[in-house]
Structures are given as structure tokens and as C-alpha cells.
1. Measure nothing but the geometry: give the 0 to 90° angle between the long axis through the Cα atoms of 114-125 and the longest principal axis through the Cα atoms of the chain, rounded to 10°.
2. What is the Rg over Rh value, at two decimals, for region 6-162, using alpha-carbon atoms and the Kirkwood definition of Rh?
3. Once the convex hull of the alpha carbons of region 79-188 is built, what does its volume come to per residue, in cubic angstrom?
4. In degrees from 0 to 90, rounded to the nearest 10, what is the angle of the helix 80-96 Cα long axis to the longest principal axis of the chain?
5. By a straight-distance test (C-alpha under 23 Å), which lysines pair with K169 as possible cross-link partners, with residues fewer than eight away in the same chain excluded?
6. Please turn the phi angles of region 45-52 into ³J(HN,Hα) values with the Karplus equation 6.51 cos²θ - 1.76 cosθ + 1.60 (θ = phi - 60°), one per residue in order, whole Hz, x for glycine and proline.
7. Round to the nearest 10 and give me the degree value, 0 to 90, for the angle of helix 164-175's Cα axis relative to the longest principal axis of the chain.
8. List the relative contact order of region 1-150 as a percent without decimals, with contacts defined as Cα pairs under 8 Å and 6+ residues apart.
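What follows is calculated from the coordinates using simple rules that are stated; it is not laboratory data. Source: prediction; values computed, not measured. Neighbour counts run over all protein chains shown; Cβ positions are idealised from the backbone, glycine included.
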Amino acid sequence: MKDSKEISENEKWQAVISCIDSYDGLFFYGVKTTGIFCRPSCRAKPPIRENTVFFDRPAAAIKAGFRPCKKCRPDQVVFQPDLDLVKKAKEFLDTNYNQSIDSKYIIKELGVSINHLARLFKQHTGFTITEYLAKVRVDKAIELLGLSDEKIIDIAYMTGFKSLSNFYKCFKALTRCTPNAYKKGRGD
Ligand SMILES: [Zn+2]
């Protein structure tokens, strides 16, 4: 996926005058004479090149004193790099669930501020990072309880839980049964 920094000013300008909607969410443009900013795809009258300024995010345009266009509502666009970051974070949690994951580790691996990521993650997945991680871990535990003959305590540690009590708490919250009951339910 393209980052706004990888798109040249010339390419941005072409996207604006041709109203190309595949650039929506990648950058925004403001028109100095009207004080309004738009998505690249906006059908508003094309601006003059020297009156046009480009922004990476709606917040940057607003900060620079531009108002969002009422036709194309650039302030409601989902910013693609944000989605990419959430996807990356999910993949990271999906594959590293068995590690001890704290905010320091996430910052080191993903190179973002934890508050920024936490907000985006909740906004786009509906889960907090902690909730999501618990869900991934419990899903893995269910798989192991169903397939292996490992002890419950071993499964708890294998799936990244730091204590048996936390494992029980999360398991029960998500499945409404205990790991023991679940294992018994296998019928062997
Ligand atoms: Zn517009």
C-alpha cells in the first residue's frame, strides 16, 4: 500500500484534476483561495495548481486553517496508513500471542506510540489490544484443549497467559465455561 510520502506532488496534482478516487485516504488537498480542503476524488471545480496545498491527514489541513469540504467530507475518510497499521498490529498479535507482550514490546516491534495504536485499534476492530490478545490466546487454548493432552496449566503458559487464574478468567469470559469443563466435553 502506498504511503502519501511516496506519491510525488505531480502525481497528487494529476489525481486531483482527474478526481481519481483510489487516492482517497492517501492524501488531501486544500485550496488557499477558498480555505477548503477535499479528497482527491472531489468533483468540486478544479483548483489552480499554485493555490493548491497537499496534506497527509485531515488533521493537518484543519490545523493549517482549512475547513472540510461539505461535498466530499474529507474529514470522514478512513486514512489508509491507519488501516495498514491496525492490520500489522493484528498480525503481530496473531503470531506473537505466546510471548509476553507489553506496551514496550509493541512500540519496539511496530514503531508507533501506544496511545495512537490503542485508539486506532479500538476504532477499527472494536476490541482493545488487551481484549484482542485474550481472544487470540483463548482461541489457541481451545484448539489445544481439543487436540492435545497437555495439562491445563501447560496450555495456559503455552498460549501466553502469565497465570492460571488469568487464564481461567479470560477463558470463562469468552467461552462461558472453564477449561476443565471444555476438556471433559471432548468426550474422552
Ligand atoms: Zn470536496
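1. 90
2. Values: Rg = 21.7 Å, Rh = 18.3 Å.
Ratio of gyration radius to Kirkwood radius: 1.19.
3. Normalising the Cα hull of region 79-188 by residue number yields 98 Å³.
4. Orientation of helix 80-96: about 20 degrees from the principal axis.
5. K90, K122, K135, K140, K151, K183, K184
6. Per-residue couplings from phi come out as 3, x, x, 8, 3, 6, 9, 9 Hz.
7. Value to nearest ten degrees: 70.
8. Values: 156 pairs, mean separation 25.7, N = 150.
Once normalised by length, the contact order is 17 percent.
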